[in-house]
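Engineer: Quick one: this structure, given as structure tokens, is what I'll be asking you about.
The values are calculated or read from the model by the stated rules, or taken from the named source; none is laboratory data. Model, not experiment: these values are computed from the prediction. Surface areas here come from the heavy atoms of the whole protein model, side chains and all, with no ligands, DNA or RNA. Shrake-Rupley method; radii C 1.70, N 1.55, O 1.52, S 1.80 Å.
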Amino acid sequence: GAVVSQHPSRVICKSGTSVKIECRSLDFQATTMFWYRQFPKKSLMLMATSNEGSKATYEQGVEKDKFLINHASLTLSTLTVTSAHPEDSSFYICSARDRGRGGNNQPQHFGDGTRLSIL
Amino acid sequence: DQQVKQNSPSLSVQEGRISILNCDYTNSMFDYFLWYKKYPAEGPTFLISISSIKDKNEDGRFTVFLNKSAKHLSLHIVPSQPGDSAVYFCAASSGTYKYIFGTGTRLKVLA
């Protein structure tokens, strides 16, 4: 159980293109999903918290207009990197918590990530 | 400001022996700690967690120890197996859903 699917796994595109990444919880409902970014040999850095039916909460330093997040249902959140440039190239990972399991101390379950390369 | 630190970027252990991965934190408000395992090109997989009201949690070959006074936690893997070779991340949170991750330790278990 607790499977999170992320798609696509890899994207290579030209500078200026907008890229959409999907994160789905396959066997549970998630009111909250999270988007992380990982640079080579660095930690996972939280970019934003995606809340079903409401606006996302962005971490300091993350551009809201650059990284658009939509959490339209209890099983799907999307991250759109708008007008992507080479500096946006990175590994993006989403995670989700099982809404049905109460308490704060429930682990986040991660997708397999998306490798984004902007030429 | 790195609130969660894993000072050893890599560790090599012989198969069958104990692997000990360490993690230090600075924020005394953290009350929930987790360990994740990550293979290349995959997302992190949850291994084990511990609440700040405990000092030890065990699950099969994996045991997490928490020393609140030292702001230190460790993951013990006994016995280590070649399939345990991966990058291990510790993470911490403070009453919210937000996790702060360490930079990871690459474990290599030698057959």
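Engineer: Mind checking the alpha-carbon convex hull of the protein assembly as shown and giving the volume per residue in Å³?
Structural biologist: Hull volume over Cα atoms, normalised by residue count, gives 123 Å³.
Engineer: Sequence gap of 8 or more, or different chains, plus Cα separation below 19 Å: how many lysine pairs satisfy both in chain A?
Structural biologist: Total qualifying Lys-Lys pairs in chain A comes to 6.
Engineer: Now for a separate question. Which of these, B:59, B:84, B:31, has the largest mean-square fluctuation under a Gaussian network model of chain B (Cα springs below 10 Å)?
Structural biologist: Maximum among the listed residues: B:59.
Engineer: Would you tell me the accessible area of residue A:26, worked out with a 1.4 angstrom probe on the heavy atoms of the protein chains, in Å² to the nearest 10?
Structural biologist: Answer for residue A:26: close to 110 Å² accessible.
Engineer: May I pose another question? Amide H neighbours of residue B:48 under 5 Å, counting only residues 5+ apart in sequence or on other chains, H built in-plane at 1.01 Å?
Structural biologist: B:35
Engineer: Would you grab the residues whose amide H sits under 5 Å from the one on residue A:30? Only those 5+ places off in sequence or on another chain, please, with H modelled 1.01 Å from N.
Structural biologist: A:75, A:99
Engineer: If contacts are Cα pairs under 8 angstrom and at least 6 residues apart, what is the relative contact order of chain B in percent?
Structural biologist: 37
Engineer: Then there's this: Residue by residue through segment B:75-83, which ³J(HN,Hα) values in whole Hz follow from phi under the Karplus form 6.51 cos²θ - 1.76 cosθ + 1.60 (θ = phi - 60°), with glycine and proline marked x?
Structural biologist: For segment B:75-83, the Karplus curve yields 10, 10, 10, 9, x, 6, 10, x, x Hz.
Engineer: Averaging sequence separations of C-alpha pairs under 8 Å and six or more residues apart, then dividing by the length of chain A, give the relative contact order as a whole percent.
Structural biologist: It comes to 37 percent, rounded to a whole number.
Engineer: Provide the per-residue ³J(HN,Hα) series for segment B:45-61, in order, calculated from phi with Karplus coefficients 6.51, -1.76, 1.60 and θ = phi - 60°, each as a whole number of Hz, with x at glycine and proline positions.
Structural biologist: Karplus-based 3J(HN,Hα) across segment B:45-61 equals 10, 5, 10, 7, 9, 8, 8, 5, 7, 10, 10, 7, 9, 10, 8, x, 7 Hz.
Engineer: Considering protein heavy atoms only and a 1.4 Å probe radius, which residues within segment A:21-54 exhibit an accessible-area decrease of no less than 40 Å² in the full assembly relative to the chain by itself?
Structural biologist: Correct list: A:43, A:44.
Engineer: Please report, to two decimal places, log10 I(q)/I(0) for chain B at q = 0.13, 0.17 Å⁻¹ as given by the Debye formula with identical point scatterers on the Cα atoms and no solvent.
Structural biologist: -0.43, -0.74
Engineer: So if I take the centroid of the Cα atoms in segment A:65-81 and the same for segment A:1-60, what is the distance between those two points in Å?
Structural biologist: So the separation of the two Cα centres works out to 8 Å.
Engineer: Next question. Quick one: Cα convex hull volume of segment A:28-106, Å³ per residue?
Structural biologist: About 103 Å³ per residue, rounded to a whole number.
Engineer: Let me ask something else about it. Give me the 1.4 Å probe accessible area per residue for the protein assembly as shown, excluding ligands and nucleic acids, in Å².
Structural biologist: On a per-residue basis, the protein assembly as shown sits at 49 Å².
Engineer: Collect residues whose amide H, placed 1.01 Å from N in the peptide plane, falls under 5 Å from the amide H of residue A:47; neighbours closer than 5 in sequence don't count.
Structural biologist: Amide H neighbours of residue A:47: A:35, A:36, A:37.
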